[in-house]
1. So how far, in whole Å, is the C-alpha centre of region 81-130 from the one of region 210-266?
2. Quick check: from the Cα gyration tensor, does region 142-266 come out rounded (a/c under 1.5), prolate or oblate?
3. What does the highest-first list of 243-253, 59-69 look like by mean Cβ count within 10 Å?
4. Per 0.36 nm of contour for each residue apart, how much would the distance between ALA62 and ALA154 grow if the chain were fully extended, relative to their Cα-Cα spacing?
5. Any idea what the dipole of region 152-264 comes to, in debye rounded to 20, about its Cα centre with Lys/Arg Cβ at +1 and Asp/Glu Cβ at -1?
6. Which order do the peptides 109-119, 127-137, 219-229, 88-98 come out in when sorted by mean C-beta neighbours inside 10 angstrom, highest first?
7. Which one, THR192, TYR120, THR166, is farthest towards the positive end of the dipole of region 76-245 when Lys and Arg carry +1 and Asp and Glu -1 on their Cβ?
8. Run the numbers for MET69 and ARG254: contour at 0.36 nm per residue of separation, minus the present Cα-Cα distance, in nm.
Amino acid sequence: MKYRSLCGMCPGYASNIGRTACIDDYRRHFGNRMTLAIIAPGGAFVIIFRTRGGAYPMFYDAIKNEHGMKHDPFKAMIVPRPIGWISSLAPDGIVNLAPYSFFNAVSDKPHILVFSSTGYKDNIRNIDQTGEFVFNLATFDLKDQMNTTSAMVAPDVDEFQLSGLTPAPSRMVAPPRVAESPVAMECKHLQTIELMDIDGKPSGSWAVFGQVVGIHIDDSLIAGGRVHIEKAKPIARLGYMDYAVVEDVFALPRPAVNADGSVAAE
Ligand SMILES: Cc1cc2nc3c(=O)[nH]c(=O)nc-3n(C[C@H](O)[C@H](O)[C@H](O)COP(=O)(O)O)c2cc1C
């Protein structure tokens with residue numbers, strides 16, 4: 001018989017005894033608690049000590065990725081992630097369209113977007129070769145078409161045709177935009193960077209940066225001198241197969257700060 005941690009937070013874990021089994025047992029049976037037990041050779045155990053739930057927040061080594069759950073929870077906690085629905089053109093004129101949730105705006109002077117591809121996919125190759133792409137807004141009404149365009153199809157398949165979407169001409173770049181999408185941003189390629197890990201090892205993921213050179217906005221979204229994006233019902237990625245839809249918006253003006261750093265009274 002020996003002592004073993006079942007929770008992954010106590011000295012048993014630190015000394016590396018039964019680590020993986022501990023996390024599994026702990027998650028399955030006890031929730032977020034520190035639990036010490038006596039383990040019999042056959043695996044049966046008797047609990048000798050348990051903290052109250054939540055006393056020790058879960059922590060795990062993110063490089064070893066020992067979260068002990070069925071699915072990696074990382075993306076479920078970086079939420080909601082906007083979806084870059086990216087159209088591009090191959091040098092031979094074949095159109096490509098696919099969604100990327102590793103996507104965001106990273107600068108507003110100038111307007112710069114980035115998306116990242118796990119693997120050197122068709123859009124990355126097209127953009128590296130032709131230097132242009134379009135970001136289309138994915139909305140709740142277009143969720144099924146957006147999902148269809150994520151199918152891993154051969155480079156000569158036009159995802160507009162595949163999903164029944166209409167290519168509309170762009171104004172300043174060659175790739176078409178999605179006519180049904182209420183917002184589109186025409187972009188010129190800036191940089192493609194292969195991401196490296198902390199050991200300098202190439203990850204096989206590629207980040208593409210583009211500067212926005214033209215923006216289309218459906219008139220129905222504009223009122224009172226501003227864009228009411230909730231009217232478009234944009235969708236965003238959560239973890240697993242889950243999505244969120246943007247329908248409720250609240251405003252939070254920033255606090256005014258005095259010269260001495262104190263927050264000014266309203
Ligand atoms: C909502 C959603 C988000 C996605 N995000 C990404 C992503 O961030 N990076 C990635 O490499 N693939 C992502 N995918 C998968 C790509 O869309 C898929 O691999 C697609 O076939 C790539 O197309 P391409 O090879 O024509 O460029 C996502 C799929 C969906 C449905």
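No value in this document is a laboratory result; all are computed from the given coordinates. Not measured: the values here are computed from a predicted model. Using ideal geometry, Cβ is built from the backbone for each residue, glycine included, and neighbour counts are taken over all protein chains shown.
1. 22
2. Oblate shape, in that a/c is at least 1.5 and b/c is the bigger or equal ratio.
3. Descending mean neighbour count gives 59-69, 243-253.
4. Value of the extension gain: 29.7 nm.
5. Dipole of region 152-264, to the nearest 20 debye: 340 debye.
6. Top to bottom by mean Cβ count within 10 Å: 127-137, 88-98, 109-119, 219-229.
7. Final value for the positive-end residue is THR192.
8. 62.7 nm
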